[in-house]
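The structure appears below as structure tokens.
The values are calculated or read from the model by the stated rules, or taken from the named source; none is laboratory data. Just so you know, these numbers come straight off a predicted model, no measurement behind them. FYI the Cβ positions are ideal-geometry reconstructions off the backbone, even for glycines, and counts take in every protein chain you see.
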Amino acid sequence: MQQISKFDLVSDYAPTGDQPQAIDELVKGVEKKSVQTLLGVTGSGKTFSVANVIARTGKNTLVISHNKTLAAQLYAELKQFFPNNNVGYFVSYYDYYQPESYLPQTDTYIEKDTQINEKIEKMRLEATAMLLSGEPTIIVSTVSCIYSLGNPQEWKDSSIPVSAGEKIKRTDLIRKLVDARYERNDLEVAPGNFRVKGDTIDITPAYSEDIIRVSMFGDEIEKITMLDHVSLKEKKKINQMIIFPAKHYLIARDVTKRAVKSIRDELKHHLPTLNELEKQRLEMRTNYDLEMIEELGYCSGIENYSRHFDGRNQGDKAFCLMDFFGDDYLLVIDESHVTLPQLHGMYKGDYSRKDKLVTYGFRLPSAYDNRPLKFEEFEEYIENTIFVSATPSEYEKKTSTKIVEQLVRPTGLLDPQIEIRPTTDQMDDLINEIHKRTK
């Protein structure tokens, strides 16, 4: 019997060709939490089949692609199929990224230099907000999803539920916004900012362009309204809502003291392993970072100390996007024959760069633990999974409980005939073919 769907699939077309049987087989596998491969030729409508599987099973879904361009294409297609549901986009937010590194051959230290795309940063925050909203959600991502991200529980705990009629002091609400990494700015309206005018607090969520106006009367929220960010006209009244944090990395006040002590202990134990120059270099840098953390709550490169803030042991994996999904979700790996090798190589590349920074006294060894998942760790998330590929590799064949074929296109079109011609007179042959086309 077909499961009642939480997703609303909108399409002018019904599944045809090999699609109906492929969808039925995949749905059966998803219900059993199996690992499967959808082997489909180019143009056979694999994305449409996956969309139907999502709609019928009703599971939150993470789709991983191997580059931003294909991820954007998948995002646009799924957004079209599910216009009434949450569809998010989670990729690296760097337009330019020069990682911190050290070249011992030339004694050259290269400082981290980045240029962040604010729109993509907003979409990343929107993606995690969608997942914690409790609504049906599809996220399209690149391998960025296996990189270190904030603790989902802390993110949830730092979220601010507000409702009309709620009793709360204005100062307490402001403090909660600051703890959720919102910045007070009474002049500029921008994502991640809030402003206060009398009993009115205007909040621009980091993942939205609309403004949330909280009007208070004494120590009570009188009403909540959503405003257009340009005209400031009221769009709608809201009875209750959750305001999610402005950043993925959050540090609770009580965690900072514990983390600072833990970093100092690591510094004390690591210094004797270095020579005098490296000792001085590491001590100066770490103490400066600790002063910044104690005074401002953050420092440049704070992610390198994430192990101490998360309370993880040495070698433990960091939290990543997949931890925001919970236990019951569907993982779809698109073009798996390319995406899986990419997932395989992320950890070793990161470790190789960090190793020189740690060895020569630029970073503490805990920097190793701000890293992407090892492939063995990623495999722990491969439970209810569909590999999608026209040419699946040995790994997919070995891991899958079944391979579902989708070889007949919905259009019924066949692959073009391939002609093999001799290598002699190639240019003359090419010119001849061009003349045929232009006539």
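Can you name every residue in the stretch 270-287 that is surrounded by 12 or more Cβ atoms within 10 Å (Cβ to Cβ), of a type outside the set (S, T, N, Q) and assigned to a helix (DSSP H, G or I)?
Those that are surrounded by 12 or more Cβ atoms within 10 Å (Cβ to Cβ), of a type outside the set (S, T, N, Q) and assigned to a helix (DSSP H, G or I): 270, 271, 278, 279, 281, 282, 283, 285.
What do you reckon, is residue 279 of a type outside the set (A, V, I, L, M) and touching a Pro at 6+ places or on another chain (Cβ under 9 Å)?
Details: of a type outside the set (A, V, I, L, M): yes; touching a Pro at 6+ places or on another chain (Cβ under 9 Å): yes.
Yes, satisfied.
Taking residue 377 as the residue in question, decide whether it is surrounded by 18 or more Cβ atoms within 10 Å (Cβ to Cβ), at pLDDT 95 or above and either over 30 Å from residue 24 (Cβ atoms) or in the same structural domain as residue 59 (by TED's automatic domain parsing) (or both). Before the answer, list the steps.
Details: surrounded by 18 or more Cβ atoms within 10 Å (Cβ to Cβ): no; at pLDDT 95 or above: yes; either over 30 Å from residue 24 (Cβ atoms) or in the same structural domain as residue 59 (by TED's automatic domain parsing) (or both): yes.
When the stated conditions are applied, residue 377 does not pass them.
Just to confirm my filter: which strands (runs of 3 or more DSSP E) fall fully inside the stretch 154-269 and include at least 2 residues that are among the aliphatic types (A, V, I, L, M) and within 25 Å of residue 324 (Cβ to Cβ)? Step through it out loud before you land on a result.
Values: elements: 160-163, 193-197, 200-203, 211-217, 220-227, 234-238, 240-243.
Fully inside the stretch 154-269 and qualifying: 160-163, 240-243.
Among what's in the stretch 85-106 and is under 21 Å from residue 368 (Cβ atoms) and in contact with a helix residue (DSSP H, G or I) (Cβ under 7 Å, 6 or more places away or on another chain), pick the residue that is surrounded by the most Cβ atoms within 10 Å (Cβ to Cβ).
Among those that are under 21 Å from residue 368 (Cβ atoms) and in contact with a helix residue (DSSP H, G or I) (Cβ under 7 Å, 6 or more places away or on another chain), it is 102.
Condition check ((1) β-branched (Val, Ile, Thr); (2) more than 18 Å from residue 331 (Cα to Cα)) across all residues:
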| residue | (1), (2) |
| --- | --- |
| 8 | no, yes |
| 35 | yes, no |
| 38 | no, no |
| 43 | no, yes |
| 53 | yes, no |
| 61 | yes, no |
| 67 | no, no |
| 76 | no, yes |
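Give the residues of the stretch 302-336 that are farther than 16 Å from residue 378 by Cβ and in a helix (DSSP H, G or I), sorted by residue number.
302, 303, 304, 305, 306, 307, 308, 309, 310
Conditions (1) out of contact with any Ser or Thr (no Cβ under 6 Å at 6 or more places or on another chain); (2) of a type in the set (Val, Ile, Thr); (3) in contact (Cβ under 8 Å) with a residue 12 or more places away in the chain; (4) not in a loop (DSSP other than H, G, I, E, B), marked per residue:
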| site | (1), (2), (3), (4) |
| --- | --- |
| 356 | yes, no, yes, yes |
| 361 | yes, no, yes, no |
| 366 | yes, no, yes, yes |
| 378 | yes, no, yes, yes |
| 382 | yes, yes, yes, no |
| 391 | yes, yes, yes, no |
| 405 | yes, no, yes, yes |
| 417 | yes, no, no, no |
| 423 | yes, yes, no, no |
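If you go through the stretch 43-54 one residue at a time, do you hit one that is assigned to a loop (DSSP other than H, G, I, E, B) and either over 27 Å from residue 407 (Cα atoms) or of a type outside the set (Gly, Ala, Ser) (or both)?
No; the residues of the stretch 43-54 include none that is assigned to a loop (DSSP other than H, G, I, E, B) and either over 27 Å from residue 407 (Cα atoms) or of a type outside the set (Gly, Ala, Ser) (or both).
Starting from residues that are of a type in the set (Phe, Trp, Tyr) and in contact with a helix residue (DSSP H, G or I) (Cβ under 7 Å, 6 or more places away or on another chain), keep the ones in the stretch 184-233 and report whichever is modelled with the lowest pLDDT. Spell out the reasoning first.
Of all residues in the stretch 184-233, those of a type in the set (Phe, Trp, Tyr) come to 194, 207, 217.
The next check asks that each one be in contact with a helix residue (DSSP H, G or I) (Cβ under 7 Å, 6 or more places away or on another chain); those that pass are 194, 207.
Numbers: 194: 96, 207: 93.
Once the filter is applied, the top-ranked residue is 207.
Could you pull out the residue among 201, 211 that is hydrophobic (A, V, I, L, M, F, W, C) and in contact (Cβ under 8 Å) with a residue 24 or more places away in the chain? Reasoning before the result, please.
On the way: 211 fails: in contact (Cβ under 8 Å) with a residue 24 or more places away in the chain.
Selected residue: 201, the only one of 201, 211 that is hydrophobic (A, V, I, L, M, F, W, C) and in contact (Cβ under 8 Å) with a residue 24 or more places away in the chain.
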